[in-house]
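Below is one structure, written out as structure tokens; the observations come after it.
Bear in mind that the values in this text are calculations on the coordinates, not laboratory data. Keep in mind it's a predicted model, so treat the numbers as computed, not measured. Here Cβ is always computed from backbone atoms with ideal geometry, including for glycine, and neighbour counts include all displayed protein chains.
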Amino acid sequence: MSEAERRTILEVRGLTRRFGGVLALHDYRLELREGDLLGLIGPNGAGKTTAFNLLSGVLRPTAGSIRFCGREVHGRPTHEIARLGIARTFQNVRLFGDLSVLENVMAGLHARHGAGLLATVLGLPSLRRSERRIAERARAALDFVGLGALAAARARDLAYGQQRLVEIARAIATEPLLLLLDEPAAGMNPSETDALAELLRRLHGELGITLLVVEHDMRLVMGVCRRVQVLEGGRLLAEGRPEEIQSNPAVIAAYLGSRRGTQHAVAG
């Protein structure tokens, strides 16, 4: 599909968020087309997580607009935004430790594809059909991320990297148009990060999910993302292809301090 044929699914204009006297994000803009794979980077406190929280409805903007598939979504509650087709993971793993891996993925699906209150209370046949569909979809998502054999395990018993994969499975099981990944490689060792990079390529290539990734691991971002945005001090500093960002003097100065440091971070 050519660039001109890909529709714009997310359009952000003038997005701003204040916390009291602190300007956490100012005049942020973003346009994502179907099939984009965008990395969002910047030093700690740059506004990356604030941007994610605004896009997913966790926070309400002080100013600006967010349009998803032509609909204004800024200010809507998180469950409404999720139903429209935006899913996300979090910087800190958020699983139900005493539930099984499968049940954790199913919990995410209930929010978007559950049978409804009446069917649940009355135990209608639609409830049983819905539960079967949800379980099948959850198993398929676990198979995709490589955790199908661990579906019955307790979530708390999994290694940290595997718990992050459960979160990704829970998100993709909802069949989102857009997936927001907040530092998915945090706490992973190098081999797990390499496997994650391949998983992101498969999510993008095989499932066709549009991805927006916040990440500190420069090797992952530069190796996987097609386009990169850089935030600094709550403002959009630069945007471009990975090779353009790596050689951008403003990015080098603000984010990594020196050209040598940039090359080391990207290659390391």
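General observations
- With both labels modelled 7 Å from their Cα along Cα-to-Cβ, the D98 to S65 distance reads 4.7 nm.
- Most tightly packed first, judged by the mean number of other beta-carbon atoms within 10 Å of their residues, the peptides 18-31, 97-110 read 97-110, 18-31.
- In units of the rule-of-thumb radius 2.2 N^0.38 Å, segment 157-214 shows an alpha carbon radius of gyration of 1.07.
- Cα centroids of segment 79-107 and segment 4-48: 22 Å apart.
- Take every pair of alpha-carbon atoms less than 8 Å apart whose residues are at least six positions apart; their mean separation over the length of segment 21-114 yields a relative contact order of 18 percent.
- Residue-averaged 222 nm ellipticity for the chain, from DSSP H runs of 4+ at -39500 (n - 2.57), nearest 500: -11500 deg cm²/dmol
- Computed on the chain, with alpha-carbon pairs under 8 angstrom and 6+ residues apart, the relative contact order is 24 percent.
- Pair-distance profile P(r), taking every C-alpha pair of segment 178-244, with 5 angstrom steps and integer %: 4, 15, 27, 27, 18, 8, 2, 0
- Projected-area average for segment 1-92 over all orientations - Cα convex hull basis, square nanometres: 6.6 nm²
- With 0.36 nm allotted per residue and the present C-alpha distance subtracted, the E72-R132 stretch has 18.3 nm of extension available.
- Between R29 and H216, the distance separating the two model label sites (each 7 Å from Cα on the Cα→Cβ line) works out to 3.1 nm.
- Of the peptides 152-163, 180-191, the order by per-residue mean of other Cβ atoms within 10 Å, starting with the highest, comes out as 180-191, 152-163.
- Fraction of beta bridges assigned by DSSP in the chain that are antiparallel (%, nearest 5): 55 percent
- Using the Cβ-Cβ distance between L207 and T8 with R0 = 25 Å, the FRET efficiency computed as 1/(1 + (r/R0)^6) comes to roughly 0.80.
- Once C-alpha pairs closer than 8 Å and six or more residues apart are averaged by separation and normalised to the residue number of segment 158-231, the relative contact order reads 35 percent.
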